[in-house]
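Here the structure comes first, spelled out in structure tokens, and everything after it is commentary.
Nothing in this text is a laboratory measurement; each read-out follows from the coordinates by a stated rule. Everything quoted here is computed from the prediction, not taken from an experiment. With ideal geometry, Cβ positions are generated from the backbone for all residues, glycine too; neighbour counts draw on all protein chains shown.
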């Protein structure tokens with residue numbers, strides 16, 4: 001048997017350790033570069049908006065899914081602030097349900113303050129883990145989420161107590177989705193913003209596909225909805241605990257699209273009952289704009305529709321609170 005001297009053993013061990021250190025150093029450089037690109041190209045991600053917010057206090061923080069996102073398209077948020085004299089931060093995200101929105105609100109309230117919270121509620125967001133736990137582990141969202149020890153700590157809690165996949169925490173800590181993001185050099189812009197000035201031509205096929213996507217089959221749907229209603233109740237409690245008034249709103253939908261949504265009236269009634277029970281305001285705007293000329297696609301307001309909606313309804317809502 002070959003005798004290996006202690007010196008040779010030491011050299012081999014030192015070489016292996018050197019490669020490990022070099023590998024870790026290179027990975028750290030990749031992580032840092034990816035993090036720099038997150039800030040350089042950030043725009044849409046709710047956590048990015050919180051991390052880069054220039055104010056400590058906002059009059060209104062907007063939460064919800066994609067139906068609330070056009071309020072921050074182009075220069076619309078700036079125009080709302082100018083016309084109302086209110087500081088407004090939109091933290092809505094694509095396909096984000098009450099669990100993700102509570103996660104974002106908790107992070108916002110760690111260093112900031114909101115006088116009012118507007119939650120734009122969609123029934124689909126209360127009907128599937130796809131829009132809740134799975135959003136917290138979504139690679140596209142994680143790839144644009146800035147690193148923060150506070151966020152890491154929050155994710156630990158959501159993994160332990162809210163059913164979030166532990167791989168989401170591992171992904172976030174290692175920066176895997178950021179480093180492997182093929183769109184790392186592109187602006188973080190939601191695809192719907194490109195059609196903000198378009199008027200939708202009704203399409204039964206597009207409407208059917210959109211509903212099928214938003215409402216995937218789930219088992220024990222009533223129990224799931226009750227679960228996310230409890231998450232929403234905790235969101236409201238969090239906002240109120242920090243001194244914010246909460247308004248729950250349903251945004252406009254085209255009648256043809258709304259008619260395809262199963263149990264929509266039941267959801268609206270349950271949501272209103274929850275709001276009354278929690279002592280918060282509830283407004284249903286779902287029927288105020290019925291023509292397709294006001295929509296960019298099957299269910300999102302375009303610039304013309306949002307401008308009219310703001311003029312007739314939202315401006316009064318924003319101005320009514322201090």
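Distance between the C-alpha centres of the range 38-60 and the range 87-134: 14 Å, rounded to the whole angstrom.
For Cα Rg over 2.2 N^0.38 Å, the listed values are (1) 0.96; (2) 1.15; (3) 1.02; which was obtained by calculation from the structure presented? Derived directly from the coordinates: (2). Among 165, 78, the ranking by other beta carbons within 10 Å of each residue's beta carbon, starting with the fewest, stands as 78, 165. In terms of surrounding Cβ atoms within a 10 Å radius of their Cβ, 219, 96 rank from fewest to most as 219, 96. The length gained by stretching the chain between residue 43 and residue 140 to full extension, at 0.36 nm per residue less their Cα-Cα distance, is 33.6 nm. Placing dummy labels 7 Å off each Cα toward the beta-carbon, the span from residue 223 to residue 35 is 4.1 nm. How far is helix 221-241 tilted off the main Cα axis of the chain, in degrees rounded to 10, range 0 to 90? Computed tilt is about 90 degrees. With R₀ set to 51 Å, the beta-carbon distance separating residue 173 from residue 291 gives a calculated FRET efficiency near 0.60. Mean separation of Cα pairs under 8 Å and 6 or more residues apart, divided by the residue count, gives the range 133-273 a relative contact order of 18 percent.
Computed from Cα atoms, the angle from the helix 6-41 axis to the main principal axis of the chain rounds to 20 degrees. Between residue 25 and residue 320, the modelled label-to-label distance comes to 6.2 nm, taking each label 7 Å out from Cα in the direction of the beta carbon.
Note on residue 112 and residue 264: the extension gain reaches 51.3 nm, defined as 0.36 nm multiplied by sequence separation minus the Cα-Cα distance. Here the label points at residue 74 and residue 165, each 7 Å from Cα along the C-beta direction, are separated by 3.7 nm in the simple model.
Gain on full extension, evaluated as 0.36 nm per residue between residue 233 and residue 284 minus their Cα-Cα distance, stands at 16.5 nm.
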